[in-house]
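Following: one structure in structure tokens, then a few remarks.
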Amino acid sequence: MSTASILRVENIEVIYEKVILAVKDISLDIKTGSIVALLGANGAGKSTTLKAISNLINAERGEVVHGHIYYQGKEVTHGEPHQLVRDGLIQVLEGRHCFAHLTVEENLLSGAFVKRPKAGNLKSDLELIYHYFPRLRSLRKKQAGYTSGGEQQMLAIGRALMAKPSLVLLDEPSMGLAPQIVEEIFEIVCQLNKDEGVSFLLAEQNANIALRYADYAYLLENGRIASEGIAERFHASELLEASYLGR
Ligand code: ATP
């Protein structure tokens, strides 16, 4: 992991419908090559923070973002979402959103619509995904709608990887999944981080698993950062124990 930042978020605030202050004065620093966890209970503001970064906030509905976001040293606040994808910043939305009627392989190919400088040919890019997700190889001809929740989560991550990202924002990868498959997904994320150098910002309610794989963590409470630190040490944080794990 380098000491340079791939993403810096400075004092962002997100307002929904002119009055709901969903996220207040949030600053984050994601080092290049790291895995960072954004923890918090339901409604703490995790998804809103990710949406602000990838600019999926809907200005037409009166949603507003204040503050500054820098990706690879360049200000990208209010940047065009498709340009961010082209620049290698990709979000895997909560709920996976695979194309149910397309096969697993067609879904993966749909992720390659953005031709990035790092992209190889489609066949070798697919091979790389199948190398990390062997389950997807065996399911490649199956309609995505008939695969399990865990397989769809793998597919959503695999599809994002087809665009050769440098930073992936993963929203609740463990949501609704059995512990064994969650473990498998986090193991693969860790491998992708180590071997391919992809950085990850993971929004997670499941602090136990996220802290085992992350380098650094932020805890959100009611739209604010309540605590932050190196993930290993975070485990022992009394604040986390008391206010979040409910002990
Ligand atoms: P979850 O795990 O449930 O997605 P979260 O930590 O990701 O939780 P957010 O979804 O970011 O939290 O929600 C933060 C706050 O903003 C909540 O109070 C939520 O009700 C509110 N909120 C989220 N989206 C909207 C919206 N489109 N319009 C109005 N309020 C919203």
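Scanning region 77-104 for residues that are touching a helix residue (DSSP H, G or I) at 6+ places or on another chain (Cβ under 7 Å) and surrounded by 19 or more Cβ atoms within 10 Å (Cβ to Cβ) gives I90, Q91, V92, R96, C98, V104.
Looking only at residues of region 167-188 that are in a loop (DSSP other than H, G, I, E, B), hydrophobic (A, V, I, L, M, F, W, C) and within 16 Å of the ligand (Cβ to nearest atom), we find that the one that is modelled with the highest pLDDT is L177.
Does at least one position in region 54-65 carry a residue that is on the phi < 0 side of the Ramachandran plot, of a type outside the set (V, I, T) and more than 16 Å from the ligand (Cβ to nearest atom)?
Here is the first cut: in region 54-65, the ones on the phi < 0 side of the Ramachandran plot are 54, 56-61, 63-65.
Still in the running and of a type outside the set (V, I, T): 54, 56, 58-61, 63.
Narrowing further to those that are more than 16 Å from the ligand (Cβ to nearest atom): none.
No, there is no match, as no residue in region 54-65 is on the phi < 0 side of the Ramachandran plot, of a type outside the set (V, I, T) and more than 16 Å from the ligand (Cβ to nearest atom).
Would you confirm, using the coordinates I've provided, whether K74 is over 23 Å from N193 (Cα atoms) and surrounded by fewer than 16 Cβ atoms within 10 Å (Cβ to Cβ)?
Details: over 23 Å from N193 (Cα atoms): no; surrounded by fewer than 16 Cβ atoms within 10 Å (Cβ to Cβ): yes.
Judged against the criteria, K74 is not a match.
Using the structure shown, decide if G111 is among the small types (G, A, S), farther than 22 Å from D215 by Cα and assigned to a helix (DSSP H, G or I). Show your work before the answer.
Numbers: among the small types (G, A, S): yes; farther than 22 Å from D215 by Cα: yes; assigned to a helix (DSSP H, G or I): yes.
Judged against the criteria, G111 is a match.
Okay, residues lined up against (1) within 16 Å of the ligand (Cβ to nearest atom); (2) modelled with pLDDT of 90 or more; (3) surrounded by 15 or more Cβ atoms within 10 Å (Cβ to Cβ); (4) not aromatic (F, W, Y):
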{"site": "D215", "(1), (2), (3), (4)": "no, yes, yes, yes"}
{"site": "Y218", "(1), (2), (3), (4)": "yes, yes, yes, no"}
{"site": "N222", "(1), (2), (3), (4)": "yes, yes, no, yes"}
{"site": "I225", "(1), (2), (3), (4)": "yes, yes, yes, yes"}
{"site": "E238", "(1), (2), (3), (4)": "no, no, no, yes"}
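Within region 24-52, being buried (at least 22 other Cβ atoms within 10 Å of the Cβ) and either away from the ligand (no atom under 12 Å from the Cβ) or part of a loop (DSSP other than H, G, I, E, B) (or both) holds for I30, I35, V36, A37, G40, A44, G45.
Scan region 189-206 and give yes if some residue there is outside any loop (DSSP other than H, G, I, E, B), more than 19 Å from Q91 (Cβ to Cβ) and in contact with a Leu (Cβ under 9 Å, 6 or more places away or on another chain), otherwise no. Checking region 189-206: not a single residue is outside any loop (DSSP other than H, G, I, E, B), more than 19 Å from Q91 (Cβ to Cβ) and in contact with a Leu (Cβ under 9 Å, 6 or more places away or on another chain).
The values are calculated or read from the model by the stated rules, or taken from the named source; none is laboratory data. No experiment lies behind these values; they were computed from the predicted model shown. Cβ: placed from backbone, ideal geometry, glycine included. Neighbour counts: every protein chain shown.
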